[in-house]
Every structure is written in C-alpha cells, then in structure tokens.
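The values are calculated or read from the model by the stated rules, or taken from the named source; none is laboratory data. Computed from a predicted model, the values in this text were never measured in an experiment. Glycine gets a Cβ as well: all are built from the backbone with ideal geometry, and neighbour counts include every protein chain shown.
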Ligand code: SF4
C-alpha cells in the first residue's frame, strides 16, 4: 500500500468513531443540532421495524430511528407501565419519553409487528397527549389481491396526518424525490453489505452496525454523504484477513443488541458476513420504482421487493428457505441466532429455523440478549467454544 493510500484510509477511523459517539448519545444531539439549523422543521420518530420514511421526508419533516436506548439510560419509570416479561426496547423507548428526551419530536410512528409494539403505541398516546402518534396497520394476507390497494390507502391516511402536522402538502414530485433519496441510501447499504460478504476483514459488523444506526439519527442527506465517504475509503484500509468462521446472524431485526456483544462475537472468531440489524432501514431488495403513483410504488414494494421477515407474516414464502439460501449465497460456515429476550417474533422464528438448520446439518448457535447487558463473558465463552468446534473439527 502506498503512503497516500495509508493517509486516505486513516480518514475512515474518525468517521466511524463519530458514528459511535452519535449512537451512544441518549439525548439525540445530532438531530437536535440539525433542527436548530433548520428553523421550522419538525422531526418524527420511527419505531422499528419498517417505517415508510419517505412519507415523513416528503412532508417536510425529519424521520429518526427511535429504537430503544441501548444501555445508555436506567429504566426508572417505564417498568411500572409494562409486565416484566416484555422486551427491553419497549421499556427503554418509553423511558426516553418519560424522561423528556423525546420532547423535541413532533410525532412517533408505530407498526403492527407484535403485541408489545401495539401496546407501546397506546401507552405513548396516553402519556404524551401533545405528540402526534400514528399506528400503521400493515397487511397480513399477501395472497389477497386487495392487500396492495389496502396498503396504498393506509399510506394515504398516514400521509394526510403527517401533512396536517407539518403544514406541507407532499406532491408527487416530493414523494418521488424522497423515494429516490432513500433508494440511494439503501443501494449504498447493499454495497456496504456486499463488501462485508466479500472482504469481511475490511469493515467489522460492529462498525457497520454503528454506521447504520447513526444514519437513523441524522438527516438522510447527511447520512448519504457519510456513506459515500466510508464506501470510498474502505477498500484502502490496511487490514489482513484472519482465520475466522463466516456466520450469518439472524434474529436482531428489532431490538438492537449491545455493540459490545457484536464485538464479542467477532473477537471470538466470527466474521459476521450477513445480519439483520436495522432491517427496516434497508427493507427493500431493490429500488422502489419512481412513478406517477408513489404511494402505490411503496405499497407494491412492501409486498414484492422486501426482505423476508418474521414480522411481515408473508405466507407466500418459506422463511427457512430464505435463510438456507442466504447461508449458501454468503458462503457461510454457520448461523448465529441472536434474539432479544422476550421477543416473540424472533423466538417463534427460531423454532422454525432450528428445524431447517438441523435438517440441512448447518451448525448454529442461539444467543439471547437484552439491551442493558454489560457483561459478555458467557456469550464469549459460548461463541469461542462454538468457533473452536468448527475450526478444529
Ligand atoms: S423486540 Fe420483538 S417483541 Fe419487542 S417490540 Fe420488537 S418485535 Fe416486538
């Protein structure tokens, strides 16, 4: 590598470090700074998994990923609103609200992914009467020819609410511009994941996770610029491949694992060549078409161009077949199923995946996590034993 290349590569580290700072800030300083630089603009929070962010953006507002608080805050008030057997993300998201950290938002969007998310939406409505709260009902029966038309009308209803709140009527051009912007971001993210598959030593899963999560906490235009810089600089990074196993990671599509847990898995000898972190922010397998009817484009894409997900309830496809296909495509050695504690959709999926993986004789490991996990000793020892059993078999 030339001296110039080393200098270029060194610019990557500060960029990734700043992403890490953004995701560890429970006060959303980056988004607040953007709002103060853009007087009159409003922000709307998106609970996972998938949110049609284009509707928010085209209405002139800033979509932000409100995806729990990780291990950055103590749960002091939200425990009293939920049973003890509910996943952490629901409680920590409410705690963000109850500690006034979401006061800068104008609204929050929730979706029909599971009962805890549905209940969280109602709890938000009761506890924050001044906030615009919307709940999107996604179709549950994709075999019905009516499902796409239904979702288009659901998007129209949500868009009307957003427009009322922002005071800006989103035109067809506005919607297409927003779709095009997010298409570019999703394409860049597909490129990032392709690099992870082909050269996992060049960018770790923990770094990619921090980059992606930080992108949900800033203006999409700014994120696109950062993504462009990162993608441009990764190939010049002075890194050598290590003797590790290649794993596909499943099950972390909603509640986010502590970044320390991802690092632990990598240090234990795994190259995570594919994962479902922040799946909703890179939901589509290809671009959403630009058309005369952008809401129909978005609705059709939800049905026809989306990644498989246990929360999509799509009976047309076998989730296990997708996972086995992914395993093959990514030339993986194993699957790690990393699910949030008490996450019913993920744990229901695991029962199905486990049967398929055993049938195909694919090594797999189950790890459960909570947002607030600080110690990863047990996960480290399980992962190390798992890796050694594959490397020295
Ligand atoms: S972590 Fe699982 S159970 Fe909890 S809100 Fe997300 S999908 Fe629902």
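Of note:
- Residues of region 72-82 that turn out to be in a loop (DSSP other than H, G, I, E, B), more than 22 Å from the chain's Cα centre (by Cα) and surrounded by 14 or more Cβ atoms within 10 Å (Cβ to Cβ), as a count: 3
- Contact map, region 110-124: residues that are away from the ligand (no atom under 11 Å from the Cβ) paired with residues that are outside any loop (DSSP other than H, G, I, E, B), Cβ distance under 8 Å, separation 6+ or inter-chain. Pairs shown: 123/81; 123/94; 124/94; 124/97; 124/108; 124/110; 124/133.
- Qualifying residue in region 83-106 (condition: assigned to a helix (DSSP H, G or I), free of Cβ contacts under 8 Å to residues at least 40 places away in the same chain, away from the ligand (no atom under 16 Å from the Cβ) and surrounded by fewer than 24 Cβ atoms within 10 Å (Cβ to Cβ)): yes
- In region 49-67, the residues that are assigned to a strand (DSSP E or B) form Cβ pairs under 6 Å with partners that are within 16 Å of the ligand (Cβ to nearest atom) and at pLDDT 95 or above, at six or more places apart or across chains, as follows: 63/46; 64/45; 65/46; 65/216.
- Cβ separations smaller than 6 Å between residues 6+ apart or across chains give the following pairs from region 346-357 residues that are closer than 10 Å to residue 319 by Cβ to residues that are within 15 Å of the ligand (Cβ to nearest atom): 349/310.
- Qualifying residue in region 25-36 (condition: surrounded by 14 or more Cβ atoms within 10 Å (Cβ to Cβ), within 16 Å of the ligand (Cβ to nearest atom) and closer than 22 Å to residue 133 by Cα): no
- Given (1) touching a helix residue (DSSP H, G or I) at 6+ places or on another chain (Cβ under 7 Å); (2) more than 16 Å from the ligand (Cβ to nearest atom), index of the condition residue 317 fails: (1)
- Subset of region 310-337 [surrounded by 22 or more Cβ atoms within 10 Å (Cβ to Cβ) and under 17 Å from residue 390 (Cβ atoms)]: 327, 332, 335, 336, 337
- With respect to (1) surrounded by fewer than 18 Cβ atoms within 10 Å (Cβ to Cβ); (2) farther than 21 Å from residue 256 by Cα; (3) at pLDDT 95 or above, the lone exception for residue 366 is condition (2).
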